[in-house]
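The values are calculated or read from the model by the stated rules, or taken from the named source; none is laboratory data. Predicted model, so just to flag it, every value in this text is computed and none were measured. No Cβ is skipped: glycine too gets one built from the backbone with ideal geometry, and neighbour counts run over all protein chains shown.
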Amino acid sequence: MDQENQAPPAGSAAAPNPERKTLDDRAKMTDLERIRHSAAHVLATAILRLWPDAQFAYGPPVETGFYYDVELSHRIAPEDFEKIEAEMKKEIKANHPFEKIVVDRDQAIAEAQSGRLGALTERPGLPSKFKLDLLNQIPAGEPISYFKNGDFIDLCAGPHVMRTGNIGAFKLTSVASAYYKGDERNPQLQRIYGTAFKNKTEMEAYFTMLEEAKRRDHRKIGAEMGLFAIDTEYVGPGMPLWLPKGTALVEELEKLAKETEFAAGYVRVKTPHLAREKMYKTSGHLPYYADSMFPPMELREKGAAADAEPDRYYLKAMNCPHHHRIFAAEPHSYRDLPLRLAEYGTCYRYEQSGELFGLMRVRSLNMNDAHIYCTEEQFAQEFRAVNDMYLKYFKIFGLEKYQMRFSTHSAEGLGKKYVNEPELWKKTEDMVRKVLIDSGINYVEVANEAAFYGPKIDVQVWSAIGREFTIATNQVDFAVPAKFGLTYRDRDNSEKTPLCIHRAPLGTHERFIGFLIEHYAGNFPLWLAPEQVRVITIGAEEPLLQYARAITDELRANQVRAVGDYGTDPMKAKIAEAEKARVHTMLVIGGRDMESGNISVRLHSKGPQGAHPRAKVIADILQSIKERQA
Ligand SMILES: [Zn+2]
Ligand SMILES: [Zn+2]
């Protein structure tokens with residue numbers, strides 16, 4: 001789940017145990033996930049050879065590999081990894097098949113009690129306690145199975161690779177502690193993390209990418225470049241302050257969004273950061289989403305009766321309800337549609353302090369938001385235009401790899417997890433699918449992951465170093481406009497409810513800039529660079545300074561973020577400083593440049609580009625910015 005999404009008023013309560021995968025989820029496991037989950041079995045096998053009394057709980061694949069939770073009196077440390085890995089290698093070399101054994105519940109319970117599950121042998125007096133608990137969670141009627149590799153037998157529904165030898169490459173990466181089922185009232189276990197790949201080459205590429213990601217860490221580069229600060233003491237955790245250089249990025253992105261949206265027929269609105277309780281009760285955020293909102297502010301109007309209930313105001317966690325009220329503020333006819341309301345809206349969400357992470361997980365966020373109110377007939381075209389806007393942005397930012405993840409409903413969830421409108425679900429999902437296919441967009445379809453009020457599309461992009469980010473979400477909403485009583489007068493004079501498309505292609509400033517910092521390693525293209533140009537003089541004689549100042553002034557008059565460095569430091573030192581600050585373009589000016597009316601150009605991390613006439617240099621800079629060249 002991505003926190004920056006326009007989170008739905010989640011209609012479904014969390015499953016009692018989030019770690020337990022349904023058979024449906026299991027069937028969807030990819031080849032890589034099978035390799036990784038199989039590696040978890042091999043990890044358990046290895047640990048048992050070293051510590052036969054280990055008790056295993058869960059061993060699922062995760063995004064970056066796998067883990068197995070184990071209870072063990074020996075405290076496993078990274079120094080133990082080598083000998084555990086050596087045992088794992090033996091098991092892989094033995095190339096044991098993963099054999100599936102179907103059993104009945106009574107037999108499984110008896111064997112768990114004898115300590116045989118999650119073990120190499122029976123362990124009298126040492127029942128497989130977590131496996132017993134897991135057995136009790138398997139719904140009646142669901143088949144119960146073991147998987148056996150060599151001597152190791154585990155309670156598991158699969159799937160795995162065929163044989164242990166199919167695990168191409170693996171590595172243990174870390175150890176942490178975790179409560180059984182994530183509940184602090186349960187025993188604390190050791191969580192051993194590892195990763196596995198089809199082959200060594202892919203694994204090495206992964207570790208190289210991690211190294212590079214560390215080098216490009218947005219918190220590190222953000223501090224080096226002076227982009228943002230998080231002032232936990234005075235402002236609060238998770239609420240970034242944009243410093244002047246970060247604000248330059250923010251404003252460039254807003255300018256891009258405003259220009260693009262204006263050309264696409266959007267209109268801009270502005271809304272307050274608060275609203276009354278009634279707003280969120282109507283939208284359904286209260287009570288379902290209350291845990292992700294800041295607690296209410298209570299206000300007693302002056303002059304109100306002493307026993308009157310106070311007014312409750314909430315910081316907005318999303319912009320949609322305010323936009324709905326803007327729609328409701330004026331009567332509409334079919335001629336007004338589609339109405340595309342856009343705002344870079346500020347929202348506040350409560351995230352647990354342990355979950356906060358730099359710009360990627362925050363409590364205050366600025367969203368590239370818009371809501372498109374349209375008729376059913378207009379929907380396909382509007383939705384397609386939204387997709388085209390994404391593709392345009394991907395091109396500007398040089399994002400070559402992306403995927404749209406199209407989440408649909410499930411018939412069983414109607415009336416529970418999903419609004420009970422079977423025809424509307426079918427109709428809108430068909431429309432969305434058709435647009436995705438027609439526009440040749442790269443997408444995958446995932447059943448049973450839609451939002452409460454309509455299908456959604458999560459947009460995943462890969463940074464220049466191949467790391468995946470969920471940047472934005474589009475949602476189709478055919479339920480909430482009706483709750484807010486939104487209507488338009490149709491051609492035949494009847495009152496109808498519009499559909500609403502929620503979209504935010506540039507996500508939030510926080511997450512998108514966090515992503516861009518990694519993507520560009522802080523070396524932003526000229527149009528986006530916080531400091532676009534630095535005019536550096538070789539020497540500090542008055543005529544030279546005048547020439548340099550005139551250049552800086554001309555650039556600034558053209559809205560270029562240009563700064564002068566006219567000091568007496570040696571040129572080399574000035575250049576080194578500008579390079580360190582990741583200034584995009586350095587204009588290095590000496591006496592000879594002045595005499596010939598030239599400017600010597602140097603580009604960050606690319607070096608000298610020669611001397612060119614002043615007018616040409618300035619014209620090229622302006623053109624590059626105007627065209628948002630890569
Ligand atoms: Zn398994
Ligand atoms: Zn929305």
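Just checking, which of LYS434, LYS456 is touching a residue at least 40 places away in the same chain (Cβ under 8 Å), among the basic types (Lys, Arg) and closer than 26 Å to THR64 by Cα?
The match here is LYS456.
Residue by residue through segment 31-57, note down the ones that are of a type outside the set (A, V, I, L, M), closer than 25 Å to ASN186 by Cα and touching a residue at least 40 places away in the same chain (Cβ under 8 Å). Full working, then the answer.
The first filter runs over segment 31-57 and keeps only residues of a type outside the set (A, V, I, L, M), leaving 31, 33-34, 36-38, 41, 45, 49, 51-53, 55-56.
Going one step further and asking which of them are closer than 25 Å to ASN186 by Cα, we end up with 37, 41, 45, 51-53, 55-56.
Selection gives HIS37, HIS41, THR45, PRO52, ASP53, GLN55, PHE56.
In segment 151-165, what residues are under 18 Å from LYS131 (Cβ atoms) and more than 7 Å from ligand 1 (Cβ to nearest atom)?
ASP151, PHE152, ILE153, LEU155, ALA157
Using the structure shown, decide if GLU184 is farther than 18 Å from PHE81 by Cα and not assigned by TED's automatic domain parsing to the domain that holds GLY59.
Working: farther than 18 Å from PHE81 by Cα: yes; not assigned by TED's automatic domain parsing to the domain that holds GLY59: no.
No.
Go through segment 43-63 and count every residue that is touching a helix residue (DSSP H, G or I) at 6+ places or on another chain (Cβ under 8 Å) and either of a type in the set (Gly, Ala, Ser) or under 15 Å from LYS198 (Cα atoms) (or both).
Matching residues across segment 43-63 total 5.
Test GLU531 against the criterion of being within 20 Å of THR585 (Cβ to Cβ), away from ligand 1 (no atom under 16 Å from the Cβ) and in contact with a strand residue (DSSP E or B) (Cβ under 7 Å, 6 or more places away or on another chain), and give yes or no.
Here the answer is yes, as GLU531 does meet what is asked.
Before we move on, is THR247 loosely packed, with under 14 Cβ neighbours inside 10 Å and without any contact (Cβ under 8 Å) to a residue 60 or more places away in the chain?
No.
Out of everything in segment 170-186 that is surrounded by 14 or more Cβ atoms within 10 Å (Cβ to Cβ) and out of contact with any Ser or Thr (no Cβ under 8 Å at 6 or more places or on another chain), what residue ends up being modelled with the lowest pLDDT?
So the residue we want is LYS181.
Please state which one of PRO287, PRO296, PRO331 is touching a residue at least 60 places away in the same chain (Cβ under 8 Å) and over 27 Å from ILE513 (Cα atoms).
Residue meeting the stated conditions: PRO331.
Report, by residue number, each residue of segment 117-143 that is within 16 Å of ligand 1 (Cβ to nearest atom) and at pLDDT 95 or above.
LEU117, GLY118, ALA119, LEU120, SER128, PHE130, LYS131
Give me the helices (runs of 4 or more DSSP H) completely within segment 542-630, filtered to those with at least 2 residues that are under 21 Å from LYS245 (Cα atoms) and not assigned by TED's automatic domain parsing to the domain that holds LYS245, ordered by residue number.
542-557, 571-580, 614-626
Would you be able to tell me the number of residues in segment 419-454 that are in contact with a His (Cβ under 8 Å, 6 or more places away or on another chain) and at pLDDT below 90?
Number satisfying all stated conditions: 0.
Yes or no, residue by residue, for (1) farther than 30 Å from TYR520 by Cβ; (2) touching a strand residue (DSSP E or B) at 6+ places or on another chain (Cβ under 8 Å); (3) free of Cβ contacts under 8 Å to residues at least 40 places away in the same chain; (4) in a loop (DSSP other than H, G, I, E, B):
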position: GLU343; (1), (2), (3), (4): no, yes, no, no
position: THR346; (1), (2), (3), (4): no, yes, no, no
position: GLU351; (1), (2), (3), (4): no, yes, no, yes
position: MET367; (1), (2), (3), (4): no, yes, no, no
position: ILE372; (1), (2), (3), (4): yes, yes, no, no
position: ALA385; (1), (2), (3), (4): no, no, no, no
position: PHE394; (1), (2), (3), (4): no, yes, no, no
position: GLU400; (1), (2), (3), (4): no, yes, no, yes
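Every residue, every condition in (1) among the hydrophobic types (A, V, I, L, M, F, W, C); (2) buried (at least 23 other Cβ atoms within 10 Å of the Cβ); (3) within 30 Å of MET318 (Cβ to Cβ); (4) over 32 Å from the mean Cα position of the chain (by Cα), yes or no:
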| residue | (1), (2), (3), (4) |
| --- | --- |
| ASN493 | no, no, no, yes |
| LEU506 | yes, yes, yes, no |
| GLY514 | no, yes, yes, no |
| TYR520 | no, no, yes, no |
| ILE538 | yes, no, no, yes |
| ARG556 | no, no, no, yes |
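The conditions are (1) within 12 Å of ligand 1 (Cβ to nearest atom); (2) hydroxyl-bearing (Ser, Thr, Tyr); (3) farther than 13 Å from ILE92 by Cα, and THR30 fails exactly one of them. Which is it?
(1)
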